[in-house]
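The values are calculated or read from the model by the stated rules, or taken from the named source; none is laboratory data. Note that this is a predicted model, so its numbers are computed, not measured. Cβ sites come from the backbone with ideal geometry, for glycine too, and all protein chains shown count toward neighbours.
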Amino acid sequence: MFGIDNLSPYYDVALKEARLALLTAHPRFRFARLDIANRAAMADFFARERFDVIVHLAAQAGVRYSIEQPLSMSTPTCSALPIFSKAARAQRVRHLVFASSSSVYGANRKLPFSEDDNVDHPISFYAATKKAQ
């Protein structure tokens, strides 16, 4: 099991490091501090490491942040899926799973949300970047 994160200061880095310490206590867990927006570093990483499954949870979180800093938001959120998809194809990964967000449902008032619901009207840049994936 391998984790990748750039440990950005958007959320408390000390909290991230504490959670990471719990994971690194497991002998089968390894960690790389990488910025997924750094395509060269990610290419090098996937050239060195092999995977059967990739679970992609990477994104710059925050609806409000997406409004205040749209350029900072778009790079990590939008560039990650193509990077992971390319690596998955090259390595013949069995499964590539990625997380979206309930934000993609926008102003949809129907609950509970369904994967079949129309998501053509995001109400934040964050939602639009998640829909773009």
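Side notes on the structure shown:
- Note on segment 73-100: among residues that are more than 14 Å from Lys130 (Cα to Cα) and either of a type in the set (Ser, Thr, Tyr) or part of a loop (DSSP other than H, G, I, E, B) (or both), the one that is modelled with the lowest pLDDT is Ser85.
- Candidates in segment 1-28 are the residues that are touching a strand residue (DSSP E or B) at 6+ places or on another chain (Cβ under 7 Å) and among the hydrophobic types (A, V, I, L, M, F, W, C); of these, the one that is surrounded by the most Cβ atoms within 10 Å (Cβ to Cβ) is Ile4.
- Filter result (basic (Lys, Arg) and over 16 Å from the mean Cα position of the chain (by Cα)) within segment 1-46: Arg19, Arg28, Arg30
- Identity of the residue in segment 14-57, assigned to a strand (DSSP E or B) and among the aliphatic types (A, V, I, L, M), that ends up modelled with the lowest pLDDT: Val55
- Matching residues, segment 1-13, being in a loop (DSSP other than H, G, I, E, B) and under 26 Å from Gln69 (Cβ atoms): Asn6, Leu7, Ser8, Pro9, Tyr10, Tyr11, Asp12
- For segment 76-118, the set of residues classified as farther than 30 Å from Asp52 by Cβ and among the aliphatic types (A, V, I, L, M) consists of Ala107, Leu111, listed by residue number.
- Of all residues in segment 101-122, those that are surrounded by 14 or more Cβ atoms within 10 Å (Cβ to Cβ) and either modelled with pLDDT under 85 or of a type in the set (S, T, N, Q) (or both) total 7.
- Scanning segment 29-41 for residues that are surrounded by 13 or more Cβ atoms within 10 Å (Cβ to Cβ) and either small (Gly, Ala, Ser) or out of contact with any Gly (no Cβ under 6 Å at 6 or more places or on another chain) (or both) returns Phe29, Arg30, Ala32, Leu34, Asp35, Ile36, Ala37, Asn38, Arg39, Ala41.
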